[in-house]
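Single-structure report; data block below.
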Amino acid sequence: MSEHVELAERAGAGSESAAAGKGEPLLRLPVIATLIVWGALSALAAANGLYQSVNGAPPYGLVAAAILPPLAFCAAYGRSAGLRRWADEIDLGLVTALQGWRVVGAAFVFVWGLGMLPAVFAAPAGFGDIAVGLAAPFVALAVWRRSPGWRRASYALIAAGLFDFAAAFATGALAREGGALHQPGAIHTGLMAELPLALIPGYLVPAFAILHLIAFFKLRRA
């Protein structure tokens, strides 16, 4: 209980400190506007079937929606001093704590329980997200306290989070209708290309991947 209270106090202190300066970088208007437009475009793409698998092929549109934004961020980070300064201003503990929202991956387990997603995809993707989400607040506290091993714990969370994404995409693609892990007549992962679930791989996954990248770059520059 005390750890949850301290986490809230740390987050509040960070917000007050940011308010005294330029404001929390992650909450600035251009960032919020970008997230809103990005989410709307992803929803529009899903609504128009751009994330669907065609003729048994992998869902290339969904893969592109998940991979291209993090790659674009990496490219921009390497070329833009302004973006690096913006990332440097972000609190490492906060960007780590935000991974706690990964517990929404429990939705995969719930939908699996309803018999609408295959276990080969939903179980590792769902429980992987839950594990990362539950670990994130404790790693964030270690970062804020500079506890022994905090840097190693941060790298471990980044690695676990990105591996979970990669594994989920691999099993999701292979368990699509006609995929290597799909049996004729069995449940497949086509539901992941439809709203609202399509927003997870098409929007939330790349957004959280970028948060992992920000944390990684900050650790490298610290």
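All of the numbers you see were taken from the coordinates with simple rules; none came from a lab. The structure presented is a predicted model; accordingly, all values stated were derived computationally and were not measured. Cβ placement follows ideal geometry from the backbone for every residue including glycine, while neighbour counts extend to all protein chains displayed.
Looking across the stretch 129-186 at every residue that is under 21 Å from the mean Cα position of the chain (by Cα) and among the basic types (K, R), the one that is surrounded by the most Cβ atoms within 10 Å (Cβ to Cβ) is identified as R151. P196 fulfils the conditions (1) closer than 28 Å to G39 by Cα; (2) of a type outside the set (G, A, S); (3) surrounded by 14 or more Cβ atoms within 10 Å (Cβ to Cβ) except for a single criterion, (3).
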